[in-house]
1. Which whole-number percent gives the relative contact order of the chain, counting Cα pairs below 8 Å spaced six or more residues apart?
2. With a 1.4 Å probe and all protein chains left in place, how much of the accessible area of the chain comes from carbon and sulfur atoms, in whole percent?
3. Give me the accessible area per residue for the chain, probe 1.4 Å, as a whole number in Å².
4. As an exercise, use a Förster radius of 30 Å and the Cβ-Cβ distance of Ala121 and Ser54 to find the FRET efficiency, rounded to the nearest 0.05.
5. As a quick test, which of the pairs Lys76/Lys152; Lys48/Lys152; Lys76/Lys134 have an alpha carbon distance above 19 angstrom in this structure?
6. Which of the aspartates and glutamates could a cross-linker bridge to Lys158, judged by Cα under 18 Å and excluding same-chain residues fewer than eight apart?
7. Are there trypsin sites (Lys or Arg not before Pro) in segment 29-87 that DSSP marks as loop and that have at most 15 other Cβ atoms within 10 Å, and which are they?
8. Hey, got a sec? Which trypsin sites (Lys or Arg not before Pro) in segment 80-160 land in a DSSP loop and have at most 14 other Cβ atoms within 10 Å?
Amino acid sequence: MDVLAVENLSSNKLLGEMMRRKDRELPVELIPEVMEQALFGTLATVNKDGVPYSLPISYVYDGKAVYVHGTTTGQKIDNIMANPNVSFSVVTDVETLPDKFSTKYKSVIITGTAEIIPSDAEEWGYALKLFLDKYSADFMEPGMKYINSAHKSTAVIKINVDQLTAKGHL
């Protein structure tokens with residue numbers, strides 16, 4: 001996400017709830033950096049009985065939405081079908097400070113709604129190409145072949161951002 005895209009978010013959408021620790025609020029300009037640097041995030045969902053479930057997962061971010069992927073069946077998919085409200089977080093630059101009883105870090109927390117992108121939609125391929133760009137840039141040709149063979153077995157989930165918060169200890 002470029003800074004302009006971040007600045008175009010409404011203040012409610014950008015900051016979510018008022019942050020208790022204002023001294024830990026990161027400048028808006030750092031959000032794209034944190035989202036680009038993190039290799040994985042944590043996706044939190046809730047099942048039909050209200051039981052929370054979170055999992056570490058690879059992701060991509062195009063400045064408007066977060067995309068994750070996985071198999072077409074399982075708890076993640078079941079939970080999203082039952083309740084599309086999700087939370088997604090990433091953390092970078094983690095360093096423990098034992099003598100200060102603290103930790104340095106940068107983080108972004110997103111709340112939003114998840115939707116499963118149909119495998120015949122252009123956006124499905126778009127998202128998976130973003131994964132290739134991020135994780136397998138040196139293997140684009142075999143990666144595209146893999147994507148083209150994965151329509152029946154790969155689910156792409158789009159997280160539409162409702163609120164976004166950036167926080168850290170630098």
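1. Relative contact order, the chain: 29 percent.
2. 55 percent
3. Value for the chain: 57 Å² per residue.
4. Efficiency, rounded to the nearest 0.05: 0.65.
5. As for pairs spanning more than 19 Å Cα to Cα, those are Lys48/Lys152; Lys76/Lys134.
6. Glu36, Asp62, Asp78, Glu115, Asp120, Glu122, Glu123, Asp133
7. Those satisfying the criteria are Lys48, Lys64.
8. Lys152
The values are calculated or read from the model by the stated rules, or taken from the named source; none is laboratory data. Everything numeric here is computed off the predicted structure, so don't read it as measured data. Reconstructed Cβ throughout: ideal geometry from the backbone, glycine too, with neighbour counts over all protein chains shown. Ligands, DNA and RNA are stripped out before the accessible areas are found, and what is left, the full protein with its side chains, is counted by its heavy atoms. Shrake-Rupley method; radii C 1.70, N 1.55, O 1.52, S 1.80 Å.
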